[in-house]
Amino acid sequence: PVIFRILIFFMGYPLQMMLPLFRLPNFIIRRRLLENREKNENINLKFPLNGQKKGEMAEYRLGIKNFAHGGCGAIAVYNALGLTGREPDMKDIVTFLEEKGMNCYGLLGVNPTGICKYLTKQGIPWRRFRDAADAEREYRDGDCLISQYNWASKKSLGTHYVALARKDGVWYVYNIYNDCTEALRFRSLEEFLAHGEYCRPIMWILVQRTG
């Protein structure tokens, strides 16, 4: 729905905080969850994940959509757990987000509050920032950032999540494009935010490393 995408694009953070208030009835959520779980059962995912429209990952179900059209939030969480030394479980991530972390049950993707609730449930320390400089200042080797940002091109606009990890002074960004099967490298967060025609960050979630 173009109108909802436009609202998210221009209202950003405030609207993201309001969207969880709009939920489907629980009995519908549970029925869809069971259907999705059955469809996902034979899809094997391997860390790290890149290119959500590539291979069998594209058909992984999340809410009323599949990963090809709305999986970037779950993929970012999965990659962040792997990048911080944990064993990610996509079935567990998707089940939680379908119950407590979707925007209009996946019509508008995953809500950042759902991601934060999942991290808390798993006992994973995290912090949320609005400014890239603050997130980068608090980042430590072995941590991971989840970035949610609005993007726009001449043909379309939307909201996207990626996982970022810094190694030897270089930022590796995972699942930055839905058809790119490798992490892309950037010298700074500023360079990352300048990678497209328009990129406006909504928030940064710092996922702290194990140990």
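Name the residues in the stretch 43-56 that are open to solvent by 90 Å² or more (accessible area, probe 1.4 Å) and not basic (Lys, Arg), would you? Passing the criteria: ASN44, GLU56.
Contact map, the stretch 67-86: residues that are open to solvent by 10 Å² or more (accessible area, probe 1.4 Å) paired with residues that are assigned to a helix (DSSP H, G or I) and among the small types (Gly, Ala, Ser), Cβ distance under 6 Å, separation 6+ or inter-chain. Pairs shown: ALA68/ALA58.
Can you give me the number of residues within the stretch 172-193 that are open to solvent by 70 Å² or more (accessible area, probe 1.4 Å) and in a loop (DSSP other than H, G, I, E, B)?
Summing the residues that are open to solvent by 70 Å² or more (accessible area, probe 1.4 Å) and in a loop (DSSP other than H, G, I, E, B) in the stretch 172-193 gives 5.
Against the criterion of being of a type in the set (Gly, Ala, Ser), more than 24 Å from ARG185 (Cβ to Cβ) and out of contact with any His (no Cβ under 8 Å at 6 or more places or on another chain), SER156 qualifies. Kindly evaluate TYR149 against the criterion of being in a loop (DSSP other than H, G, I, E, B), of a type in the set (Phe, Trp, Tyr) and within 21 Å of PHE67 (Cα to Cα). Spelling it out, it is not the case that TYR149 is in a loop (DSSP other than H, G, I, E, B), of a type in the set (Phe, Trp, Tyr) and within 21 Å of PHE67 (Cα to Cα).
In this structure, is GLU59 modelled with pLDDT of 95 or more and open to solvent by 60 Å² or more (accessible area, probe 1.4 Å)? Write out each step before concluding.
On the way: modelled with pLDDT of 95 or more: yes; open to solvent by 60 Å² or more (accessible area, probe 1.4 Å): yes.
It is true that GLU59 is modelled with pLDDT of 95 or more and open to solvent by 60 Å² or more (accessible area, probe 1.4 Å).
Checking ARG128, ARG140 one by one, the residue that is in a strand (DSSP E or B), more than 30 Å from GLU38 (Cβ to Cβ), open to solvent by 40 Å² or more (accessible area, probe 1.4 Å) and not β-branched (Val, Ile, Thr) is ARG128 and no other.
In the stretch 194-211, of all residues being assigned to a strand (DSSP E or B) and open to solvent by 30 Å² or more (accessible area, probe 1.4 Å), the one that is nearest to ILE115 (Cα to Cα) corresponds to PRO201. Tell me whether the stretch 113-122 contains one or more residues that are in contact (Cβ under 8 Å) with a residue 40 or more places away in the chain and farther than 26 Å from GLU35 by Cβ. Yes, the stretch 113-122 contains at least one residue that is in contact (Cβ under 8 Å) with a residue 40 or more places away in the chain and farther than 26 Å from GLU35 by Cβ.
Please work out which residue is nearest to HIS160 (Cα to Cα), limiting yourself to the stretch 42-86 and to residues that are hydrophobic (A, V, I, L, M, F, W, C) and assigned to a loop (DSSP other than H, G, I, E, B).
Residue satisfying both the conditions and the ranking: LEU49.
When the stretch 87-104 is limited to residues that are outside any helix (DSSP H, G or I) and open to solvent by less than 10 Å² (accessible area, probe 1.4 Å), the one that is modelled with the lowest pLDDT turns out to be ASN103.
The values are calculated or read from the model by the stated rules, or taken from the named source; none is laboratory data. Only a predicted model underlies this, so the values are computations on that prediction, with no experimental measurement involved. Reconstructed Cβ throughout: ideal geometry from the backbone, glycine too, with neighbour counts over all protein chains shown. With ligands, DNA and RNA removed, areas are computed over all heavy atoms of the protein, side chains included. Shrake-Rupley method; radii C 1.70, N 1.55, O 1.52, S 1.80 Å.
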